[in-house]
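A short worksheet on the structure shown next.
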Amino acid sequence: MAIADELGYFRDHEVHAASLLLWSEGIAGLPDPVERLEEPALVRRMCGIGADLQLTRLLQALVTAALAAGTEPGEGAAGMAEILRLACGLVEPGRARTTPAEVHRMPVAHLPAILRPASDAPDWGKAGYRAYDAELERVLRGEGPGAVRPCV
């Protein structure tokens, strides 16, 4: 905690545009000239991309933790949806820029490495990710039990 405090995580501190470029994994690209990194539109874009990446990783970590704990999708999905709702509210308080349903769709880019047939992920892990995906979709749509079934 002392290191986090020293780095400024628990108090107001200056954030340089170059840090935002790294936080957003350079997805917006490096502008030419590099001084354009300070432009408000590009800063907003990098902040949005970085937030989306963090929300996506949060969801993947929640599913992974639930699978490791042996929590059934019917048990864990509602809690995950609530955590996502709260996290989305922290991203841009008062403005629903990103919704839990959008966060649920974002990890699709990461899932082929886990779910493709040649993946070295264990079958129980593949089945678990598919089951959580279907249950989260059901919960986020506000549908009743059993409305969406995963292909296992």
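Coordinate-derived values only; no laboratory data. Quick caveat: nothing in here was measured; it's all calculated off a predicted structure. We place every Cβ from the backbone using ideal geometry, glycine too, and count neighbours over all the protein chains shown.
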Report summary line: Which of [x] 1.66; [y] 1.22; [z] 1.07 is the computed Cα Rg over 2.2 N^0.38 Å? It is [y]
Query raised in the report: Among LEU7, TRP124, SER19, whose Cα sits farthest toward the positive end of the charge dipole of the chain (+1 at Cβ of Lys/Arg, -1 at Cβ of Asp/Glu, about the Cα centre)?
Result: TRP124
Query - Integer Hz, Karplus 6.51/-1.76/1.60 couplings in order for region 34-47, x for Gly and Pro - result: 4, 4, 5, 4, 7, 5, x, 5, 6, 4, 4, 4, 5, 5
Requested in this report: Please get the size of the charge dipole for the chain, origin at its Cα centre, with Cβ charges of +1 on Lys and Arg and -1 on Asp and Glu, quoted in debye to the nearest 20.
Outcome: 540
Query - Helix 73-91 axis, angle to the chain major axis (alpha carbon atoms, nearest 10°) - result: 10
Report task. Kindly state, to the nearest 0.05, the FRET efficiency for LEU111 paired with ARG45, given R0 = 25 Å and r defined as their beta-carbon distance. Result -> 0.50
Query raised in the report: Between the DSSP loop rule and a limit of at most 10 other Cβ atoms within 10 Å, which trypsin sites (Lys or Arg not before Pro) in region 1-105 are left?
Result: ARG11, ARG95
Requested in this report: Please turn the phi angles of region 49-57 into ³J(HN,Hα) values with the Karplus equation 6.51 cos²θ - 1.76 cosθ + 1.60 (θ = phi - 60°), one per residue in order, whole Hz, x for glycine and proline.
Outcome: 5, x, 5, 4, 4, 5, 5, 4, 5
Report summary line: Over the chain, the sum of -39500 (n - 2.57) across DSSP H runs of at least four, divided by residue number and rounded to 500 deg cm²/dmol, gives at 222 nm -19000 deg cm²/dmol
Query - Net charge dipole size for region 1-58 [Lys, Arg +1 and Asp, Glu -1 on Cβ; Debye, nearest 20] - result: 240
